[in-house]
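Notes follow once the structure below has been shown.
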Amino acid sequence: MDVADYLLGCLALGLGLLPWVVAARRLARRLAPEWRGAEHALAASILGIAGVVVVTELVGICDGLRRWPWAIVSAVVALGVAGLGRAATGPRERGLSVPTDRGAQVMLGCVALCVVATSAALLGRDAAVIRTGPLDADSLHYHLALAAQMVQAHNIDHLHQTASSDGSVHYPLDTELLSAVAMLGPHPDLGVFGLNLLFGWLALLACWVIGARWSRGAPTLAAGAAVLALPIVSRASSGPGLNDIPSMAFLLSAIAALSLAGIPRDGKSRPAWIGELAVAGAALGLAAGTKLPLLPIVVVVALGVVVLARGDRRVALSALAVPALLTGGFWYIRDWIEVGSPTPELNLTIAGHGLHVVPYPELDAVAFPVTHYLGDMAVIRHWFVPGLHAVWTAMWPLVALVVVAGVIAAVAADRSRLRALFGVVCAVGFVSYLVTPVGAQGPRGTPILFASNTRYLLATMLLAFALLASSPRLTRFATWLTVGFTALTL
């Protein structure tokens, strides 16, 4: 290792990223001035990540994805954004205080356990491969490989396809872009290893904000930790470069922001409401720009908000769509221009004209949705049930029951149209998972990748867990819910 180069890399990474800490906080005060504490931290996190993504995209399409050009441009743009923001006003917020109520003390202890356990799992996953480098097949195949290619080619719009029947080069790549930013820093690329830990914290923060909005934050955070503790997440989807945890964090952050904004606005000033929706739109764009299966979920969320906005529908659509296009639309527009389709599997051609599907003949032979086997008891008995046991633990029926209960509580019991929308979003996410072409990937009758591909359902599962734990109908059981989800986590 070249010590001088390592230190210069740290300096460049700090120059490009640290100004966004200030800029994001000031912009969050401008867009969502009424949000405090965890709410403000959530908004600042989303806006900071969005700023880094957008700047890196602009630099990348100009062949400027190099260490110092990126760092200088990022710092300059961040300082400009900080100038548009708002400084802190009013009295300084009080710090955390230990509650005197026994139930609140129990919940606080459970929250601490969940945060420590989740952090240990994610850190342990990185520590296990820090000497060997990432070993996950998907990381080596395309996540980190594409990030490295961006850095080596100094651009993000001329990615090279290295294998036939491989559509990964046409996927949305926001997480890979952030990995590329980490690779611009010190070498070896140790910065890549900490990304999933940060996104895990962001997911827990979003869960806390959702819970605090309707009930209590503690049971909802514990519910989120229980999902992050599942083997499919903590052991299979948390390796360096993987995008499952970031996609979960971004979707839950959008839901949290919408929960705080309120739909419809009901007396809230229109400028303040638009700013809060813009934060949600940025998070929705990051979710769609991170993982392709989240695109239909993001569309349903946005359309549902527009429908519920009543007299402010055009305003709501604009407030959500503009930031979402900035943070997640680049990859779809790039694919539309380069291969004639915004997504690899979309085919909307008429007489040879329109949006063309990208052919993957080798993949088509082993691409089967879960719905293909729903009536095949042999496959269900020998593949689906053992697979769920492996990736959702022996308590997989309980996990499935919590997901169903979360949807039912949101849609039928909570008497909130916004929460009902979130329940519908969970149902749409489950249906889209069932029809995903590679949900039960493998030779016919042998879906060897069914278990690992349940990761396409993770964001929906996390939302369903959060909806159940934050249900206003269960407020009186907050302590028991917190303890129960903490026990599942541990």
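Among the candidates P443, P472, P437, single out the residue that is out of contact with any helix residue (DSSP H, G or I) (no Cβ under 9 Å at 6 or more places or on another chain), open to solvent by 10 Å² or more (accessible area, probe 1.4 Å), modelled with pLDDT under 95 and not aromatic (F, W, Y).
On the way: P472 fails: out of contact with any helix residue (DSSP H, G or I) (no Cβ under 9 Å at 6 or more places or on another chain); P437 fails: out of contact with any helix residue (DSSP H, G or I) (no Cβ under 9 Å at 6 or more places or on another chain).
After ruling out the rest, the residue left standing is P443.
So is P246 under 21 Å from T175 (Cα atoms), of a type outside the set (S, T, N, Q), outside any helix (DSSP H, G or I) and in contact (Cβ under 8 Å) with a residue 12 or more places away in the chain or not? It is false that P246 is under 21 Å from T175 (Cα atoms), of a type outside the set (S, T, N, Q), outside any helix (DSSP H, G or I) and in contact (Cβ under 8 Å) with a residue 12 or more places away in the chain.
Scanning segment 227-243 for residues that are surrounded by fewer than 24 Cβ atoms within 10 Å (Cβ to Cβ) and part of a helix (DSSP H, G or I) yields P231, S234.
Identify the residue in segment 271-321 that is within 16 Å of L418 (Cβ to Cβ), of a type in the set (V, I, T) and more than 18 Å from the chain's Cα centre (by Cα) and, among all such residues, is most open to solvent (accessible area, probe 1.4 Å). So the residue we want is V307. Quick check on segment 258-270. Is at least one of its residues in contact (Cβ under 8 Å) with a residue 12 or more places away in the chain, open to solvent by 30 Å² or more (accessible area, probe 1.4 Å), part of a helix (DSSP H, G or I) and within 28 Å of W214 (Cβ to Cβ)? Scanning segment 258-270 turns up at least one residue that is in contact (Cβ under 8 Å) with a residue 12 or more places away in the chain, open to solvent by 30 Å² or more (accessible area, probe 1.4 Å), part of a helix (DSSP H, G or I) and within 28 Å of W214 (Cβ to Cβ).
Would you check if S215 is closer than 30 Å to D312 by Cα, of a type outside the set (D, E, K, R) and either surrounded by fewer than 23 Cβ atoms within 10 Å (Cβ to Cβ) or over 17 Å from the mean Cα position of the chain (by Cα) (or both)?
Values: closer than 30 Å to D312 by Cα: yes; of a type outside the set (D, E, K, R): yes; either surrounded by fewer than 23 Cβ atoms within 10 Å (Cβ to Cβ) or over 17 Å from the mean Cα position of the chain (by Cα) (or both): yes.
Taking the combined requirement at face value, the residue satisfies it.
Might you let me know whether segment 403-410 holds any residue that is in contact with a Lys or Arg (Cβ under 7 Å, 6 or more places away or on another chain) and at pLDDT below 95? Yes; the residues of segment 403-410 include at least one that is in contact with a Lys or Arg (Cβ under 7 Å, 6 or more places away or on another chain) and at pLDDT below 95.
If you check W35 against the conditions, is it under 22 Å from the mean Cα position of the chain (by Cα) and of a type in the set (F, W, Y)?
Details: under 22 Å from the mean Cα position of the chain (by Cα): yes; of a type in the set (F, W, Y): yes.
Considered against the rule, which asks whether it is under 22 Å from the mean Cα position of the chain (by Cα) and of a type in the set (F, W, Y), W35 comes out as yes.
Reported count of residues in segment 30-46, each being open to solvent by 10 Å² or more (accessible area, probe 1.4 Å) and either in contact with a Phe, Trp or Tyr (Cβ under 7 Å, 6 or more places away or on another chain) or polar (S, T, N, Q) (or both), is 2. As for segment 134-145, it holds at least one residue that is within 21 Å of the chain's Cα centre (by Cα) and open to solvent by less than 10 Å² (accessible area, probe 1.4 Å).
If you go through segment 147-176 and pick out every residue that is buried (at least 24 other Cβ atoms within 10 Å of the Cβ), of a type outside the set (V, I, T) and within 21 Å of the chain's Cα centre (by Cα), you end up with 5. Of all residues in segment 166-194, those satisfying the criterion of being in contact (Cβ under 8 Å) with a residue 12 or more places away in the chain, more than 16 Å from F330 (Cα to Cα) and part of a loop (DSSP other than H, G, I, E, B) are D166, G167, L184, G185, P186, H187, P188. Scanning segment 99-133 for residues that are at pLDDT below 90, among the polar types (S, T, N, Q) and surrounded by 13 or more Cβ atoms within 10 Å (Cβ to Cβ) turns up just one, Q105.
For (1) in contact (Cβ under 8 Å) with a residue 40 or more places away in the chain; (2) of a type in the set (F, W, Y); (3) in contact with a Pro (Cβ under 8 Å, 6 or more places away or on another chain), each residue gets a yes or a no:
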| site | (1), (2), (3) |
| --- | --- |
| H372 | yes, no, no |
| H389 | no, no, no |
| P397 | no, no, no |
| A410 | yes, no, no |
| A413 | yes, no, no |
| F422 | yes, yes, no |
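Taking segment 58-71 as the range and being in a helix (DSSP H, G or I) and either open to solvent by less than 90 Å² (accessible area, probe 1.4 Å) or touching a Pro at 6+ places or on another chain (Cβ under 6 Å) (or both) as the test, the residues that pass are V59, G60, I61, R67, P69, W70, A71.
In the set I210, I274, which member is without any contact (Cβ under 8 Å) to a residue 60 or more places away in the chain, among the hydrophobic types (A, V, I, L, M, F, W, C) and within 22 Å of S45 (Cα to Cα)? Break it down stepwise before answering.
Details: I210 fails: without any contact (Cβ under 8 Å) to a residue 60 or more places away in the chain.
Step by step, each of I210, I274 is checked, and only I274 is without any contact (Cβ under 8 Å) to a residue 60 or more places away in the chain, among the hydrophobic types (A, V, I, L, M, F, W, C) and within 22 Å of S45 (Cα to Cα).
Screening the candidates P359, P342 for the property of being out of contact with any Ser or Thr (no Cβ under 9 Å at 6 or more places or on another chain) and either at pLDDT 75 or above or open to solvent by 40 Å² or more (accessible area, probe 1.4 Å) (or both) yields one hit, P342. Going by what's in this entry, would R415 be described as within 15 Å of V233 (Cα to Cα) and among the basic types (K, R)? No; evaluated as a whole, the condition is false for this residue.
Taking every residue in segment 143-157 that is farther than 16 Å from R334 by Cα and pairing it with any residue that is surrounded by fewer than 17 Cβ atoms within 10 Å (Cβ to Cβ), at least 6 positions away or on another chain, the pairs with Cβ-Cβ distances below 7 Å are Q149/H160; H154/D63; H154/G64; H154/R66.
Among the conditions (1) open to solvent by 20 Å² or more (accessible area, probe 1.4 Å); (2) closer than 17 Å to L277 by Cα; (3) of a type outside the set (S, T, N, Q), D5 misses just one, which is (2). Give just the number: which of (1) buried (at least 22 other Cβ atoms within 10 Å of the Cβ); (2) out of contact with any Asp or Glu (no Cβ under 8 Å at 6 or more places or on another chain) does V53 not satisfy? Just one mismatch for V53, condition (2).
The values are calculated or read from the model by the stated rules, or taken from the named source; none is laboratory data. Just so it is clear, the structure is predicted and the values come from calculations on it, not from any experiment. When we count neighbours, we look across all protein chains shown, and the Cβ atoms used for this are built from the backbone with ideal geometry, even at glycine. Accessible surface is based on the protein model in full, side chains and every heavy atom, while ligands, DNA and RNA are left aside. Shrake-Rupley method; radii C 1.70, N 1.55, O 1.52, S 1.80 Å.
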